[in-house]
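This report concerns only the one structure given below.
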Amino acid sequence: MARVLLLLALCVLPALVRAARPARNPFVVQGSVYCDTCLAGFETSKTTNIAGAKVRLECKDRKTQDLVYSKEGTTDSTGKYTITVDEDHEDQICDCMLVSSPRKDCRSPSAGRDRARVILTNDNGLVSTTRYANAMGFMAAQPMSGCTELLRLYQEYED
């Protein structure tokens, strides 16, 4: 009986320890935040990056939609953010979303560009643990000068 318990302890204990500790190679979520200075709804050559913008990564249970994980990050001087995630979120839906902008003239989240879905699992065939989120943007209060000409240029090449 003692041998059976010892064998069970030697087989089960390592599995429990492995399941309880965080991943050896954490996921790194990278993305950027911009200000849509022309109110175009997409990035243009007049788009500027926002330093100091706050973003949040949230993971929710796929069935119940209960919040399981949340972590915030801030953009650097180039408008890019990096959020490190230590655990695998295989059966969860994870989104990066805009929280706030430090710019008074660019605080309104752009509809459809205010969140970005990321996949945080190793069970999907990707070798890298770096995940790239789509760029997210805020809308300027007023379009800057020169935007009309720029948007007209975009329309010239439209079929």
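Of note:
- Summing Lys and Arg as +1 and Asp and Glu as -1 over all other residues whose Cβ lies under 13 Å from the Cβ of residue 98 gives a net charge of +1.
- Karplus-derived 3J(HN,Hα), 6.51/-1.76/1.60, for each residue of the stretch 110-118, Hz, glycine and proline x: 6, 4, x, 10, 9, 8, 9, 7, 10
- Other-chain or far-sequence residues with amide H under 5 Å of residue 34's (modelled H): 50, 136, 137, 138
- Which of 116, 29, 41, positive extreme of dipole for the stretch 22-136 (C-beta unit charges): 41
- Inter-site label distance for residue 99 and residue 117 at 7 Å from Cα along Cβ, in nm: 2.4
- Overall Cα dimensions of the stretch 23-154, principal axis frame, Å, largest first: 49, 28, 28
- 3J(HN,Hα) from dihedral phi, the stretch 141-147, Karplus parametrisation 6.51/-1.76/1.60, rounded to Hz, x for glycine, proline: 5, 9, x, 7, 5, x, 6
- Only lysines eight or more places from residue 71 in sequence, or on another chain, were considered; those with a Cα closer than 24 Å are 54, 60, 63, 80.
- Potential lengthening of the chain between residue 141 and residue 67 amounts to 23.4 nm, from the contour at 0.36 nm per residue minus the alpha-carbon distance.
- If you take all other residues with their beta carbon under 14 Å from the beta carbon of residue 33, and give Lys and Arg +1 and Asp and Glu -1, the sum is +2.
- Summing Cβ point charges (Lys, Arg +1; Asp, Glu -1) relative to the Cα centre of the stretch 23-154 gives a dipole of roughly 440 debye.
- Within the shell defined by Cβ-Cβ distances under 11 Å, the residues around residue 116 carry a net charge of +2, with Lys and Arg each +1 and Asp and Glu each -1.
Every read-out reported here was derived from the displayed coordinates using simple, explicitly stated rules and does not represent laboratory data. The shown structure was predicted, so the numbers you read here are calculated from the model rather than taken from an experiment. Every residue, glycine as well, gets a Cβ built from its backbone with ideal geometry; the counts of neighbours run over all protein chains shown.
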